[in-house]
Amino acid sequence: MIASGSSGASGASGAVTEVARAVARARQAVAVLASPTLRTALLGDGELDERTRAAVEAFDWVDEQGPDRALLGATARALQVLQTPAAALEFDRIGRMPHAREERVPLSLRIVRTVGDRLGRTRPVGEPVLNAAIAMFVEDVAIVRRDAVDHGLLERTDDGAAYRFTE
């Protein structure tokens, strides 16, 4: 749930933005290591096709002189944060859930399963407590809760005052 344009997160702090950028750079570096064409583009003097040239030009961590060591060092330090217990604090909650059901429902169920892991699944949970727990992950609490009920992960108690985890 990294705050980025694709996640729909809003109000990302500077730290969240830097961690998201560090993750993006790390993904690019892994792509370079995994792709002979990209490796050649960065390390060799070969001719580049248009697609490879465009990919390399999009990297903010490399220029005509090669990799920006200072930026990569800052990236490594930002990534170290993701290995600490405080890593979850570096991410904003999801600002907008995907509209497509095939994307939204698995995300909703994952959120509710995580809430269940943290709250415990053995006793019913009141709606205000459930809503507050879901709201730690996402702004649209109602759609997440509704998806979980519709897919049998949550059910209302007989009196309607609470929810029970079914898994």
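The values are calculated or read from the model by the stated rules, or taken from the named source; none is laboratory data. Everything numeric here is computed off the predicted structure, so don't read it as measured data. Don't worry about glycine lacking a Cβ; one is built from the backbone with ideal geometry, like all the others, and counts go over all protein chains shown. Ligands, DNA and RNA are stripped out before the accessible areas are found, and what is left, the full protein with its side chains, is counted by its heavy atoms. Shrake-Rupley method; radii C 1.70, N 1.55, O 1.52, S 1.80 Å.
At-a-glance table
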item	result
Output for the stretch 126-152, where each listed residue is more than 22 Å from the chain's Cα centre (by Cα) and either open to solvent by 60 Å² or more (accessible area, probe 1.4 Å) or within 21 Å of MET97 (Cβ to Cβ) (or both)	GLU127, PRO128, VAL129, VAL149, ASP150, HIS151, GLY152
Answer residue from the stretch 27-54, given it is among the small types (Gly, Ala, Ser), in a helix (DSSP H, G or I) and out of contact with any Ser or Thr (no Cβ under 9 Å at 6 or more places or on another chain) and is most open to solvent (accessible area, probe 1.4 Å) among those	ALA34
Subset of the stretch 110-125 (residues that are hydrophobic (A, V, I, L, M, F, W, C) and either surrounded by fewer than 18 Cβ atoms within 10 Å (Cβ to Cβ) or more than 14 Å from ILE94 (Cα to Cα) (or both))	VAL115, LEU119, VAL125
Matching residues in the stretch 57-66 - criterion: being out of contact with any Lys or Arg (no Cβ under 8 Å at 6 or more places or on another chain) and either open to solvent by 80 Å² or more (accessible area, probe 1.4 Å) or over 16 Å from ARG21 (Cα atoms) (or both)	GLU57, ASP63, GLU64, GLN65, GLY66
Any hit, the stretch 80-101, residues being among the aliphatic types (A, V, I, L, M), open to solvent by 40 Å² or more (accessible area, probe 1.4 Å) and assigned to a loop (DSSP other than H, G, I, E, B)	yes
